[in-house]
Each structure stands twice: as C-alpha cells, then as structure tokens.
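What follows is a set of notes on a single structure, which appears directly below.
The values are calculated or read from the model by the stated rules, or taken from the named source; none is laboratory data. Keep in mind that what you see is a predicted model, and the values were worked out from it rather than measured. Backbone-built Cβ (ideal geometry, glycine too); neighbour counts: all protein chains shown. Areas reflect the complete protein model, heavy atoms only, side chains present, ligands, DNA and RNA absent. Shrake-Rupley method; radii C 1.70, N 1.55, O 1.52, S 1.80 Å.
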Amino acid sequence: MSYIKYEQNGFVGVLTIDREKALNALNSEVLADLDAALDAIDLDSTRCLIITGAGQKSFVAGADIGEMSTLTKAEGEAFGKKGNDVFRKIETLPIPVIAAVNGFALGGGCELSLSCDIRLAAENAVFGQPETGLGITPGFGGTQRLARTINVGKAKEMIYAGTKVKAPEALSLGLVSAVYPAEELMPAAMKLAERISANAPIAVRACKKAINDGLQVNMDEAIVIEEKLFGSCFETEDQKNGMTAFVEKRKPEPFVN
Ligand code: HXC
C-alpha cells in the first residue's frame, strides 16, 4: 500500500499525501512513497503538479514525531537528508508545482509547501515551524526556504518562537497566493494548474528554471541564465505558433511539448 495517491487530469497531476489518521505526518515510508511517486510522473504528458493532503483537516502535520523521537545524531542527519532530497526533487521538478494547503502545514508540512512553486490555502490552513518546541531545528529546508519566501524577521519569529500563522495572515505575508473556502480549494488549484498548462510548456519550464536558478546567483549571472533560456525558446514550435498567431490577430493553436 502506498501513502501517496496520484491522479492524472489531462495535463495536471494531483498527488495526495494519504496518511490521514496521523494528519499526513511524514515518516520514512511516506517520504519513500512520495519520492517514488515523483519519479513516476510522466513529464511528457504532465505540465503542472498539485500536491495536497488527504482529508479536511491537514495538509501535512509535520515529520513523524514518533519516528524521530529515538533517533541518534547520525540517524537524525540521515532523516533530514531523506526529506531534503525529496523536497529538492519537488523544487527542481521541471514543471510547476502548486501546494493546495488544506489545513495544518506544520514543521515538515510547512517545509513541503515551501518546496512548491505556489501555495494556495484553504481558510482553515495553519502554517508553522514548531520544531524548537520539540528540541530540534526545522530539518526539511525550513530555515532556508521560509527566510527566502517571507520577510526574514517574520521567518525568524515563526522559527524561534514557533508562532503559527493562519490563512489570512499567511496571505498578508505573501506565504500563500490566495485563500479559499475549503471546498473551493481544489477547484481553484485545478483552474490555476489548467491555466499554467494552457501556456507554452517549454517556456513555462524555462521560466521556473530561470527564476529558481537566478535567485541563487548574483544579478549579472542571473540575467545570463535568463538570456540563454529566452534564446532557447526561439527553437520551439510554441514560439512560432504563439507569435505568428499574434501577428495574424488570431488565437494560437494549442501549445505542444
Ligand atoms: C506523528 C502526528 C503528528 C506528527 C499529528 N499526529 N501530528 N503523529 N507526527 N507530526 C497524529 C497524532 O499523534 C494523532 O495520532 C493524530 O495524528 C491526530 O492528531 P491529534 O493531535 O489528536 O489532533 P489535534 O488535537 O486536532 O491536533 C492537531 C495538531 C497536533 C495541532 C496538528 O496533532 C500537533 O501539534 N501535531 C504535531 C505538529 C508538529 O509539531 N509538527 C512538527 C513536527 S517536527 P493518534 O494515534 O494519537 O490518534 C517536524 C520536523 C521536520 O516536522 C524536519 C525533520 C527533519
């Protein structure tokens, strides 16, 4: 049995972390299943991925505290690496990834959402990094990605004090792009994923790479990354299709991979 459910809806993949009785907490098995599910995505036919949690209450309530409770230093490091490797795979997946945060996004759950490109939240979403209250640091990238996503002082407050942030505040912090009533979250995530999928897929992938890679280097190098990716688009059918349609004052044909 896998802790991951995967559905394909046209160009959109929907991946659900399915360990509802533990509020979708990430133990080693869930992480291994998530890793395998990511590897299994057909990137030729999938243009956008949505990640969500099973049930109405929780996106992911963190890494599994029971499993972590007996770890040694070396095992702790290895457990952190396991999560980091999977989350980095999400972050560097060639296609955009939307986190549909349907409840608790605590610890590793908040960190999972941060490895996604875009976060949409249900009204009951709660974000937090409560690790210092458990005697640990965030270990799946939280100290790095939260501070790169929102104001550094607020990230530090959330991490040092374990301050939890509900959906409306998450919106004002820019941690999420939008907040929806619970039942509207997945339809809204699908709609956004379909809008992304309707655009030229090679160009969308190039944008993800340009933004992510560019943010890691200085502006002179970043601009070169953009130039190369921009140039590469001119070898695609999609560029000819999109621009010819504009010049001829008509809609483009559907874009291809
Ligand atoms: C293991 C968890 C869990 C977790 C919830 N559960 N969170 N199990 N690890 N992170 C389990 C509970 O033990 C319980 O199982 C069931 O899910 C339902 O949870 P309750 O606590 O009964 O629900 P509720 O009272 O509604 O409270 C919800 C909650 C609370 C506020 C989210 O569960 C909670 O505080 N969870 C821990 C949140 C947390 O600290 N996350 C960060 C973890 S550290 P039973 O069997 O009793 O029904 C982390 C580090 C990441 O993520 C980096 C690692 C390297």
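Here is how the numbers come out for the structure above:
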item: Carbon + sulfur, % of accessible area of the chain - ligands and nucleic acids excluded, 1.4 Å; result: 58 percent
item: Cα-projected label distance for residue 5 with residue 134, points at 7 Å along beta-carbon direction, nm; result: 2.5 nm
item: Value of relative contact order over segment 104-257, rounded to a whole percent, pairs C-alpha under 8 Å and six or more apart; result: 20 percent
item: Relative pair counts by distance (%), Cα atoms of segment 169-224, 10 Å bins; result: 19, 31, 36, 13, 1
item: Cα long-axis angle, helix 73-91 against the chain (0 to 90 degrees, to the nearest 10); result: 20 degrees
item: Convex hull projection area averaged over all views, segment 1-108, Cα basis, nm²; result: 6.7 nm²
item: Angle in degrees between helix 237-247 and the longest Cα principal axis of the chain, rounded to the nearest 10; result: 60 degrees
item: Shape category assigned to segment 48-125 from the gyration tensor of Cα positions, a/c cut at 1.5; result: oblate
item: Förster-model FRET efficiency, 41 Å R0, residue 156 and residue 246, C-beta, rounded to 0.05; result: 0.35
item: Aspartates and glutamates whose Cα lies under 15 Å from that of residue 164, excluding same-chain neighbours fewer than 8 positions away; result: 111, 123, 131
item: Coil-residue trypsin sites (Lys or Arg not before Pro) of segment 175-257, DSSP, other Cβ within 10 Å capped at 11; result: 249, 250
item: Local electrostatic count, residue 36, Cβ distance below 12 Å [Lys/Arg +1, Asp/Glu -1]; result: -3
item: Probe 1.4 Å, accessible area per residue of the chain, Å²; result: 51 Å²
item: Cross-link pairs beyond the 30 Å C-alpha cut-off, checked among 166/228; 89/249; 73/208; 89/228; 89/251; 57/154; result: 166/228; 89/249; 73/208; 89/251
item: For peptides 171-178, 113-120, sequence by mean Cβ density within 10 Å, most packed first; result: 113-120, 171-178
item: Local electrostatic count at residue 71 - Lys and Arg +1, Asp and Glu -1, tallied over other residues with Cβ under 14 Å; result: -2
item: Reference-scaled alpha-carbon Rg (2.2 N^0.38 Å with N residues) for the chain; result: 1.05
item: Inter-part distance where segment 22-45 and segment 150-226 are each reduced to a Cα centre, Å; result: 21 Å
item: Counted charge near residue 5, where neighbours are those whose Cβ lies closer than 14 Å (Asp, Glu -1; Lys, Arg +1); result: -3
item: Heavy atoms of residue 163 accessible to a 1.4 Å probe, total area in Å² rounded to 10; result: 40 Å²
item: Segment 130-204: GluC sites (Glu not before Pro) in DSSP loop, at most 12 other beta carbons within 10 Å; result: none
item: Mean residue ellipticity (222 nm) of the chain, computed from DSSP H runs ≥ 4 via -39,500 (n - 2.57), nearest 500; result: -15000 deg cm²/dmol
item: Packing rank of 59-67, 101-109, where each peptide gets the mean count of other beta carbons within 10 Å, highest leading; result: 101-109, 59-67
item: Residue order for 256, 97, 126 - accessible surface, 1.4 angstrom probe, largest first; result: 256, 126, 97
